[in-house]
Amino acid sequence: MTRIPTKQEVLNWISANPTQTSKRDIAKAFGIKGADRIDLKRLLKELEAEGHLEKRKRSYRDPDRLPPVSVLQVKAPNADGDLFARPLEWHGEGVEPIVLIVSRASDPALGEGDRILARLTVVHEEDHNYEARLIRRIGTNPRKIVGIFRKGAEGGRIVPIDKAGSTEWLVHDGAVLGAKDGELVEAEQAGPKNRMGLPRARVVERLGDPSAPKAVSLIAIHQHGIPDDFPNKVIEEADKAKPVGLKGREDLRDLPLLTIDPSDARDHDDACYAHADDDPKNPEGHVIWVAIADVAAYVQPGSALDREARKRGNSSYFPDRVVPMLPDRLSGDLCSLHEGVPRACIAVRIQIDATGNKIGHRFVRGLMRSAASLNYAEVQEAIDGNTNDRTGPLLQPVIEPLYAAYAALKKARAVRQPLELDLPERKIVLSNKGEVESVAFRERLDAHRLIEEFMILANVAAAETLIAKRRPLLFRVHEEPAPEKLESLRETAQAAGLNLAKGQVLQTRHLNDLLNAAAGTEDAELINLTTLRSMAQAYYNPENFGHFGLALRNYAHFTSPIRRYADLVVHRALISAHGWGKDGQTEDEIDRLEETATHISDTERRSMMAERDTTDRYLAAYLSERVGNEFTGRISGIARFGAFVKMDETGADGLVPVRSLGREFFHFDREAGTLMGSDTGLLISIGQRVTVRLTEATPVTGGLELELLSIEDKAVLRGGGSKGRSTRRKAVSAKRKKDKIKRKVERKRRQR
């Protein structure tokens with residue numbers, strides 16, 4: 001272990017070397033490598049918090065150096081995903097300096113063409129001589145637009161496909177790229193926005209017929225900038241890959257490991273097996289094996305495959321296609337744990353006691369052979385007594401022990417009490433032509449829960465091992481809900497006649513008590529939705545802040561390296577921690593962990609948004625033939641411009657515009673989450689049961705427009721008459737003021 005310098009030694013170095021003060025410079029100066037950088041990082045943060053790092057001596061600046069604060073223009077990301085920039089003002093001699101932008105989690109996303117004000121530090125690296133920390137953005141990169149091209153006399157216009165994209169874009173004749181009328185195109189902003197008239201754009205790609213069924217996911221892919229073509233070099237590397245043999249690995253081929261996935265799974269990256277523990281010190285205990293595809297054996301750090309995987313961050317899944325993180329040669333072949341085929345894996349053997357508590361585990365790098373590739377439904381049917389030719393021979397020796405171990409894990413889960421939301425997941429079924437055949441809700445089976453518990457257990461084991469071995473890693477972090485969101489949930493619960501504990505440290509069991517109290521009532525879906533919306537979004541971070549939702553202190557993603565780059569990072573850390581080979585963590589990876597965490601958290605959110613938009617468009621296409629029909633649902637959101645309704649049958653969200661409610665004015669109360677009519681006193685609030693009529697469905701945007709027919713089985717009266725309007729308006733205004741005063745008094749009382 002390298003000796004970590006004292007705070008005074010670090011301050012002395014910074015004082016003596018004012019141009020070499022980055023963490024990398026200090027680590028090099030004191031010979032700090034590997035996991036010891038975690039301690040150095042902690043020491044530097046303490047110095048920063050104490051204010052010492054701001055007390056730097058002034059020094060004269062070399063005229064051939066950039067000023068410490070400069071205006072930069074961002075360049076396109078390189079193959080590693082790193083952002084570089086060029087100084088807009090460079091008066092020195094020789095080659096223009098190369099500046100690397102060092103991002104922090106709180107920084108906004110930057111793109112090519114952005115102009116930024118940044119604080120610079122001189123470094124001495126092979127590919128750059130300055131590092132920049134963002135102060136603020138002072139310009140933007142060309143805006144991307146995906147929309148329908150409408151041909152005109154001198155070029156045409158682009159109608160955006162975004163639900164909120166009402167502004168059209170003007171395209172001059174020389175910038176249409178041959179686009180035809182009605183064609184789906186991708187364009188970018190051309191020049192600064194005019195104060196008068198439409199903004200200008202240029203077509204950069206023609207995407208084809210927007211009404212084609214398979215254009216739905218293509219729209220989302222282009223709209224959100226998800227890379228869907230692999231560079232030739234990446235494909236070449238993947239095609240050269242060969243199956244990994246047994247050398248240096250533990251032979252697990254005799255273990256009857258099963259892969260259990262959805263029937264339409266595109267890859268198989270996890271397998272499991274369980275049996276009763278024969279250790280007399282662990283009566284009625286179990287041994288669980290979880291084996292995960294060894295992607296690190298094929299994707300070497302710094303390779304073209306690695307750079308592309310990091311750039312994508314994760315796979316994106318759509319009803320008709322998948323945009324994979326890795327080429328199919330790996331994701332669908334060499335790294336996929338196919339039945340009866342030897343496959344490289346990293347496996348963990350876990351011991352649990354009779355009550356489901358983990359009492360020990362060890363990791364191995366092995367070679368396995370899946371005994372069978374099964375789907376959730378057939379495994380569940382087998383344990384329920386309906387075996388088939390595949391599951392029959394496996395029931396007693398393999399499937400039943402899996403469920404026995406799961407029964408023990410359920411006991412531990414009941415004590416731990418992770419958040420137990422009950423929100424059905426929609427499933428869109430497509431025909432061979434790509435058209436929507438049906439929309440249903442995915443069935444939740446014990447087979448699903450079994451695999452989830454096994455994977456959670458393996459993820460915990462990975463995090464604990466790397467913490468114990470002092471290896472840097474990426475944690476999966478889920479922080480506690482913000483106080484204001486909890487207060488909103490509490491008010492919603494009180495309106496439903498329920499209570500959420502207050503005045504104590506919030507734990508998931510308190511939320512579960514609320515969810516259990518609402519279960520079986522007409523408010524169950526509302527309480528589940530509001531609880532979900534009160535949660536913080538999970539993300540990746542090199543620092544461990546715990547996982548609130550799972551009620552776990554140490555948690556990392558280990559079980560899906562085919563489709564998540566975070567898992568590959570953890571695999572490499574495990575390889576280095578156990579000394580399994582030279583394909584583990586590199587110093588460069590460790591240095592960039594924070595950047596990687598921010599980047600892949602962003603790509604994960606990007607995929608979620610694209611997948612959600614695709615679902616909305618498919619639902620709009622499915623419902624477009626039912627315009628005029630009536631549906632039941634519940635108010636799921638309130639905005640100044642209208643109310644959102646989640647429809648019972650499909651789970652689709654539609655908008656009831658305020659303009660459709662009559663000619664009266666509607667008061668929007670953001671704090672209470674309500675709309676109130678100035679004439680009729682009609683009150684619309686979250687959670688109300690409603691009947692609506694579908695008036696418009698626009699597949700290209702995914703937009704659904706609804707007409708409100710009744711609230712809580714009472715017909716909606718539309719205002720707009722002039723008689724008595726002033727009196728009613730005054731009465732409503734007085735009531736609103738009175739209600740606000742009551743709420744403020746109640747809040748102050750609670751605070752006391």
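The values are calculated or read from the model by the stated rules, or taken from the named source; none is laboratory data. Given the structure is predicted, the values throughout are model-derived calculations rather than measurements. Every residue, glycine among them, receives a Cβ derived from its backbone with ideal geometry; neighbour counts consider all protein chains shown. Calculation scope for accessible area: heavy atoms of the full protein, side chains included, ligands and nucleic acids excluded. Shrake-Rupley method; radii C 1.70, N 1.55, O 1.52, S 1.80 Å.
Data for the structure
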read-out: Listed pairs 485/714; 242/582; 7/41; 41/469 exceeding 19 Å between Cα atoms; value: 485/714
read-out: Mean ellipticity per residue at 222 nm, deg cm²/dmol - from DSSP H runs of n ≥ 4 across the chain, formula -39500 (n - 2.57); value: -9500 deg cm²/dmol
read-out: Loop sites in segment 273-323: trypsin sites (Lys or Arg not before Pro), DSSP, at most 10 other Cβ within 10 Å; value: 281
read-out: Whole-percent carbon and sulfur share, accessible surface of segment 463-567, 1.4 Å; value: 47
read-out: Sequence-separation-based contact order of segment 154-262, relative, with Cα cut under 8 Å and 6+ spacing, percent; value: 18
read-out: Value of relative contact order over segment 529-569, rounded to a whole percent, pairs C-alpha under 8 Å and six or more apart; value: 22
read-out: Phi to ³J(HN,Hα) by Karplus 6.51 cos²θ - 1.76 cosθ + 1.60 over segment 198-211, Hz, x for Gly, Pro; value: 7, x, 9, 9, 10, 6, 10, 7, 9, 10, x, 6, x, 8
read-out: Accessible surface of segment 582-685, 1.4 Å probe, proportion on carbon and sulfur as whole %; value: 51
read-out: Nearest-10 value in Å² for the accessible area of residue 376, using the 1.4 Å probe; value: 40
read-out: Magnitude of the charge dipole, the chain, Cβ model with Lys/Arg +1 and Asp/Glu -1, debye to 20; value: 3900
read-out: Rounded accessible area per residue of the chain, 1.4 Å, Å²; value: 49
read-out: Loop-located trypsin sites (Lys or Arg not before Pro) in segment 498-578, at most 11 other Cβ atoms within 10 Å (DSSP); value: 502
read-out: Residue among 638, 615, 628 farthest towards the positive dipole end of segment 615-659, charges placed on Cβ; value: 638
read-out: Segment 330-442 - convex hull of the alpha-carbon atoms, volume per residue in Å³; value: 185
read-out: 5 angstrom amide H check on residue 360, placed H, neighbours 5+ away; value: 351
